[in-house]
Structures are given as structure tokens and as C-alpha cells.
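Asker: Pasting in a structure now, in C-alpha cells, and then I'll have a few things to ask.
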Amino acid sequence: MEKITEKLLLEKGSPKTNKLEQIKTLNLSRLGLKIQDLPVRLLSRLQSLERLDLSGNRLQEFAKNLELPALRYLDLSDNQMEDVTTLESLSSLEELKMENNLYITVSDNYKLMVLLPNLRIYNGKDVSTTANHLRYVYSENLQTRISALWEKSFSLPDPITAEKMSALETNFVSTARQQVKYGPNSVSDFTKWRVEIMAKEYLRSLTEQKDETESKESTDTKENCEVTTPAKRKQSVLVMDPDINLTPRKKLREDFPASLVEDSPCKSSLRLKHQSVTQADTIRMSPRKKDQPPATPTRGQTRTETPGRGSKTRQTKENGAQVKQKEAVGAARLQRDADALHTIKSKTQQPVCLKPVHVLQCHSKQDSSEDFTTQLWACAFQPLPDNTAGSGGGSRLVATCGGDSLCVIDCETGMVMKKYKVPGEEFFSLAWSTVLMSRGGGASAQHCSILAAAGKRGLVKLIHPRNNVAYGEFRASRKALSVLRFNHHQGNFLYTGSYDNKIVMWDIGGVDSQYNYKVVQLLVLEISATPLHICLVPTSPKTHLLTGCEDGLYCFNTQLGTNNTTKRSKEMEITFPIYKKEDKDHDYHTIDGLSFLTDDIVASKNYMHGSIYLWSWSRTKAQRPDKKSREVCAVVLAELQWANTEIPYLALNTCPGQAYIVCGDDKGRLWTYHVTNLQKERFQTGKPIAPTEVLEWPTPVKKGLGRVEGPSINSVATDPELRYLVALSDKNMVMVWKRAESS
């Protein structure tokens, strides 16, 4: 046996180089190697290694925790392998050879397909179909049985202690290994191994939710505007259940069941009571709180006047001329800002009329119509497959997420077309995109719409709704994911924002006819707080990214290939005039609403401000020509009146083609702004512009319970033609509004 040294690795590797980090192929076959002969520290320097041949040795296992991030091919033929779980760290492995290993069983083969998420060629054969079945369908069936066993025979101790939890885990895992059975007896060893892992994960998810629940119960809402756990909003009223109760008959799948409205309570469980409320009455119903600071003046207002500016104070002619000059400059700026807004083009010249048509409870725990506690967090309309650069024109299908489920709803009929459920998950965000699907056989690739969803577990689920297939997942963070965003100019680029204060850019590639895919991490953006919203600048989506965070609004350079580092910090922080009014009781830095209205105009808000800012991206960026200062004040064009609330994370949205902005409040109302309809004379210094219309909560009536009062509207979405408006509440209701045809 020849000792593994740096010199030997350089001799056996290619291309020929004097640096281990540059080796891509390495042949260490037939050297009589045992596990103790593999120096992990030395081998870990092979960060570019793509192919490794260890065939014809005497290895009984692989080097534990040896991470070779670029490794795609590994040959372990003609060894004495027994423990295949030691290969788990090779997460990028796509092809593996294990022939002529006497002790390898069918169960070991199955373990490898689960442990190695990208494995598709095994012993020279394509195992994609088998591997995906084991990773998803097989696992979901086991998950169903594990959940049913827990509900039947187990519960969390009260109080929870380390000793009790240790005993509970031992008992639960042991019972699960004995009682949970699925698949043929020939792979019973694999099934028990998989059940043990999944049972521990299931129990861990329950205790994590229990901890979060107790944290929420002991904390007052006003003291918890800052998110410190994956729970998106802390409230004095408990809104979470520690787990999802599943009956054994309910088959969980990571592909969509063909569930229509009968499978989950929807519009039939609630009856809408339509109201006719005028705009004036609506606004009058939302008086300002006494402790709320006054509205922030628009950008054209001069600074606070001192007593020396009063009419009772004598001024020199020079001072008078300066005052008039400043007033003239301020008036010119106001006029320019107003003109900038009035250049916005809209297909709709007059404000639209929206009527509520459906209310659904499709995210209910146990599909119960009595569930008014599950919080719904994100919604988005499906883009058409042939609309690679747009945001979904013509679609009437909207995806919604909240609790442990993800739904696709037909806004016209109010039916739930698809439903996807993950026990123990809490979905916080979703995003649509269009990628290429190769069909093989020389056929040209076609575009297909995919859906990504993520939440508390830090895993991104990838779904092809049209074919009812959840074809994969990947871990984006060890902590919860707060936001997802695709680059619609390059549909395979996905941004994930997480509670570990990072935004990561991924290339998820396309898919083939067998749903094989590959995910590559491209860039890490490091921020100082949880990201809440991600926006790509329409005029430069490949180079500029804006993110609204718990502590401010930041701009990042995302252009690939500009420097060698894959980790970057903020390029610029954008501040707002309201920051000057901060005190110990009012922090206006949290940007919990952010969206582009045009290629240049941005709408953003802070929940404690009571207003929505409209500001210019290009003019704001132009204030930083020397790039020395990282801080720049937004060039505010207008300030829109919004609700007075201390409830965070009520996200706004825009419909650029119709020049509309929509934002819900904490009373179930939708504040709508038709920007082209805002009159110039309403752009008055220091006076926010009133909404075009405030849509009142339609007060659905629940049989036996009476009216359901207005909840907080966490998220809103419109299709590009503004035919439908969807609002999600924190009381498990999806509300669909439809545009009324003009007579």
C-alpha cells in the first residue's frame, strides 16, 4: 500500500498542476487502500475534483464528513463496502459505481438513492425514476404512517424536559421501527432505517413548533415587531398548532392530488355578504391613532420653520429673496414629481370596479371549516409558459401558501385545482417561473411553468403543477426562508432570503422528461437583518437587487463574473425622510412592503408610518455618483395615505400595466391607488394623497358563527390585466375579487 501524500495526489491527478485545488480527475485505484489510509484533511483540499476512482481497494466505508463539493463521479467498484451511509456528505454526486462489493444489499442501494439527492446513474444504469419514487412517493407514504402512529399513541409531555423528551424519542422511534411497514420485505432494513430518521425529524418539528408557540404566548404584539423566530408575526392570540393531525386514510404526496373544492373547504363554507360603502365613508372609518406620528411631508416640503420665519419677525430683503427662491425651487420639484407620476401609462383610464366573488378556507388544519387561525402568507399568479419575460398575463390561476399547504386556485370558479401538503412545514413564500423542459429523442425543449415554495424548514420545494409533480427539493438554509424571488428575465435564477440574514442566488437549471435537475449556488448576499422582500430592478435585473429588511432597504450588485468573491455585502442603503422622526417608540426602518410600479418608480412602506412612499430609483441612484457614500436618501415623488396600524408584514403589491397599487390593512380592507387618476392638485406639501378606493371587508357569514370580522391582510396579488385581485388573511381565508365589466 502506497501512502497518500500531496505528491502522490499531484502525480495521479489531472490536469497536471502544482496545486491540489485545481485537480479535476483523480485515479487512486488498486492501491490496497483501507479507510484509515484516506487523509481527510489532505483530500478536503480537492475542492475542484469532479471524478474520483477508488476501485480495486479494500475500503469498508468511505471517509466520513469528507466534503468534495464538485464531485460528480465516484467509482468504488471491487471494494469491501459495508456502510454506505458514510457517502452522505457527497451531496453533488451524480454517478456512482459500486459493483463487486459483496456486502452491498438492495436496501443499501435504496439508502444511496435517498442519501445522494443528485444521484441518477448507478452502476451504469439510469435510476432517476426509482430514486425519485424513493425520495418522494415512498417517503410520503412512510410520513403518513408515522403521523398516524403519533396521533394514535403519543403526545408531547407537559412540561417538556430533556429527560422526558429523550425517553419519548426512544419510545417513539422504537415503536415506529416496529409498527410502520411499507414496501416489500426484501427492503425492510431500508424501511426501518428511513423510518428512524423520519420519526426523529417529525418529533423535532413538533418540539420546535411547541417552543415557538410558547414564545408567542408570552410576548405582547407591540413588543414583537422584530422577528426573532421563523414565526412570521408574533401575536397575543395563538395562531399556530404544533402539528397537523392526519388520519391514516389521508395519503400525503409531494405531487399534487387531484383535489377540487370538495377536498378542502372553500367558498361553500362561507357566504359573502356584499356591502356598498363609499370611499368617503371608508376613509372616515379609519381614524388616526392618537399616538401615531403625523404624516411625513412629501419631498418638496421645506424643513421645519423656526420662529424667525414667522410673519411677526422682521426679515431683510435678502432673506425674503432667499425664501422666495427656495419656495420656487420647492414648487418646481413638486411639479416635476407630479409630472413624473402622470407620465405613467395605463391600459385603464378610469379606476376599475372590483367585487368580492369567492372566499376559501383551503389551507385549514385537517381540512376543517372551523379553522380560523392558520395564517396565509404569500400568493402569486401563474405566468403563461410562453411569457418568459412577463409576470403572468392572461392567467387566472393563483398559488397561495400558508400553514403546511400550498394551493393552486382557479379565480374564475373559486375551485382549488391542486393542493400540496408537507406535515410539519409552515410555508412563508412562493414564486413562479418558466424554465426549459427537455423531452429527449431529439425533440426540442419546451417552456414549462414551475412553482417554488419554502418556509420554516429552510427547504425549497420545486413543483411542476401542470403534471401534478413535485419533482424535487433542496436545502437553501439551516434556518427558515422568508422570501423567494425568480429572475423572470432568466427563469432558472432563484433568490432565497432566510432568517440567518442571507440572500442566496441559485441556478436551478431546467428539467428533463424524467424530472432530473441540478441546483448550483452562485452568490451569497450578506445583510444585517431578516430580508422581507426582494425586487430586481426592471432595467437591470442581472446587476441590481433591492431588498426590504427588518432594519432598512438595501441595494446589492448581483452581476456575475465581476469579481472573484461569491459573498458580497450591500452596495448602498436607501433611506427615507420618515427616519428623521424616529424615537424610542417608533422605528421606521422595517421595510415590509416593496414593489416596482414602473421600470423606475418604486412603492414601499413601513407599517408604523401610515403612508406609502412612491420614489424614483434612477434619481435616487444618481445621487451617489462617486460611490463613496453607502447611504442615499430616496427621491420621494409622492406619499399615499394608508392605514394606521402597528401590525407588521402587510405586504403591498403593484399592477404595473394598470398603474395600480394595492395594500391591505389590519381590518380586512384593501387600499387601492390608481396612480394615473391621482389629480395634480392633490400633490400638496405635507399632505398624503388619499386612496382611489378602499374596498371594505365583505364580512362573510359562517353558518352557526355569524359574521367573520375583518382580519389582517397579509398579502395581495393581481393578474397583469387586473381582472382578479386575491387577498390572503391571517384567519385562514383566501378572498378573490373580480373586476366588474363596465356597462
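Asker: Working out 0.36 nm times the residue gap between GLU646 and LYS518, then minus their Cα-Cα distance, what length gain in nm do you get to one decimal?
Answerer: Between GLU646 and LYS518, full extension yields 41.8 nm more.
Asker: Could you compute the FRET efficiency for LYS581 and ALA167, with r as their C-beta to C-beta distance and R0 at 56 Å, rounded to 0.05?
Answerer: FRET efficiency, LYS581 to ALA167: 0.55.
Asker: If you average 1/r over all unlike Cα pairs in the stretch 360-515 and invert the result, what Kirkwood radius do you get in angstrom?
Answerer: 16.0 Å
Asker: May I ask you to evaluate 6.51 cos²θ - 1.76 cosθ + 1.60, the Karplus curve with θ = phi - 60°, for each residue of the stretch 128-142 and list the ³J(HN,Hα) values in order in whole Hz, giving x for glycine and proline?
Answerer: Result, ordered by residue: 4, 5, 4, 5, 5, 4, 5, 5, 10, 5, 4, 5, 5, 5, 5 Hz.
Asker: From the Cα gyration tensor of the stretch 59-99, with a ≥ b ≥ c the square roots of its eigenvalues, which class applies: rounded if a/c is under 1.5, or else prolate if a/b is larger than b/c, or else oblate?
Answerer: Oblate shape, in that a/c is at least 1.5 and b/c is the bigger or equal ratio.
Asker: Could you pull out every residue, at least 5 positions away or on a different chain, whose amide H is within less than 5 Å of the one on SER482? Hs are placed 1.01 Å off N in the peptide plane, and Pro or chain starts have none.
Answerer: Residues meeting the amide H criterion: GLY497, SER498, TYR499.
Asker: Heavy-atom accessible area of MET735 with all protein chains present, probe 1.4 Å, nearest 10 Å²?
Answerer: Near enough 0 Å² of accessible area.
Asker: How large is the accessible surface per residue of the stretch 458-553, computed with a 1.4 Å probe and reported in Å² as a whole number?
Answerer: 32 Å²
Asker: Also, quick follow-up: Could you pull the accessible area for LYS567 with a 1.4 Å probe, rounded to 10 Å²?
Answerer: 120 Å²
Asker: Which residues in the stretch 459-479 place their backbone N less than 14 Å from a point set 7 Å from the Cα of THR130 along the Cα-to-Cβ direction?
Answerer: Flagged as within label range: none.
Asker: In nm, give the distance between the simple-model label positions of SER14 and VAL632, each being 7 Å from the Cα along the Cα-to-Cβ direction.
Answerer: In this crude spin-label approximation the distance works out to 5.1 nm.
Asker: Rounded to two decimals, what ratio of Rg to Rh does the stretch 408-464 give with C-alpha atoms and a Kirkwood Rh?
Answerer: Rounded to two decimals, Rg over Rh is 1.08.
Asker: Return the FRET efficiency for the residue pair LYS24, ARG707: r is the Cβ-Cβ distance, R0 is 51 Å, and the value is rounded to the nearest 0.05.
Answerer: That pair, LYS24 with ARG707, gives E of 0.15.
Asker: Further question: Which of the residue pairs LYS419/LYS738; LYS125/LYS479; LYS667/LYS687 have a Cα-Cα distance greater than 28 Å in the structure shown?
Answerer: LYS125/LYS479
Asker: Can you list the residues of the stretch 67-97 with backbone N under 12 Å from a point 7 Å past the Cα of GLU50, pointing along Cα to Cβ?
Answerer: Residues 70-73 fall inside that zone.
Asker: Hey, another quick one. Could you tell me the center-to-center distance, by alpha carbons, between the stretch 601-650 and the stretch 443-473 in angstrom?
Answerer: One Cα centre to the other: 34 Å.
Asker: Heavy atoms only, probe 1.4 Å: what % of the accessible area of the stretch 84-204 goes to carbon and sulfur, would you let me know?
Answerer: Answer for the stretch 84-204: carbon and sulfur cover 46 percent of the accessible area.
Asker: Only four residue types carry charge here, +1 at the Cβ of Lys and Arg and -1 at the Cβ of Asp and Glu. Report the dipole size of the stretch 33-172 about the Cα centre in Debye, rounded to the nearest 20.
Answerer: So the magnitude is around 100 debye.
Asker: Would you mind working out the magnitude of the charge dipole of the stretch 1-75 relative to its Cα centre, with +1 at each Lys and Arg C-beta and -1 at each Asp and Glu C-beta, to the nearest 20 Debye?
Answerer: Here the stretch 1-75 has a charge dipole of around 120 debye.
Asker: A follow-up question, please. With a ≥ b ≥ c taken as the square roots of the eigenvalues of the C-alpha gyration tensor of the stretch 72-207, please select rounded if a/c is under 1.5 and otherwise prolate if a/b is larger than b/c or oblate if it is not?
Answerer: prolate
Asker: Still on this structure: Run the 1.4 Å probe and let me know the accessible area of HIS489, rounded to the nearest 10 Å².
Answerer: 110 Å²
Asker: Right, here's the next one. Could you put TYR724, TYR515 in order of accessible surface area, largest first, with the 1.4 Å probe and the full protein assembly present?
Answerer: TYR515, TYR724
Asker: Could you order ASP53, ASP158, ASP665 by accessible surface area, starting with the largest, using a probe radius of 1.4 Å?
Answerer: From most exposed to least exposed: ASP158, ASP53, ASP665.
Asker: I want to check the label-to-label distance for TYR182 and GLN490. Put each point 7 Å from Cα in the C-beta direction and report it in nm to one decimal.
Answerer: In this crude label model, TYR182 to GLN490 measures out at 3.9 nm.
Asker: May I pose another question? Taking 41 Å as R0, compute the FRET efficiency from the Cβ-Cβ separation of LYS687 and THR543 and round it to 0.05.
Answerer: So, using R0 = 41 Å, E works out to roughly 0.65.
Asker: With the Cα gyration tensor of the stretch 32-109 giving a ≥ b ≥ c as the square roots of its eigenvalues, does the rule (a/c under 1.5 for rounded; else a/b larger than b/c for prolate; else oblate) give rounded, prolate or oblate?
Answerer: Cα axes put the stretch 32-109 in the prolate bin.
Asker: Mean shadow of the stretch 687-743, computed from the convex hull of its alpha carbons, in nm²?
Answerer: 6.1 nm²
The values are calculated or read from the model by the stated rules, or taken from the named source; none is laboratory data. On a predicted model such as this, the values are computed, not experimentally measured, just so you know. Quick reminder, even Gly has a Cβ in these numbers, built from the backbone with ideal geometry, and neighbours come from all protein chains shown. All accessible areas refer to the heavy atoms of the entire protein, side chains included, with ligands and DNA or RNA removed. Shrake-Rupley method; radii C 1.70, N 1.55, O 1.52, S 1.80 Å.
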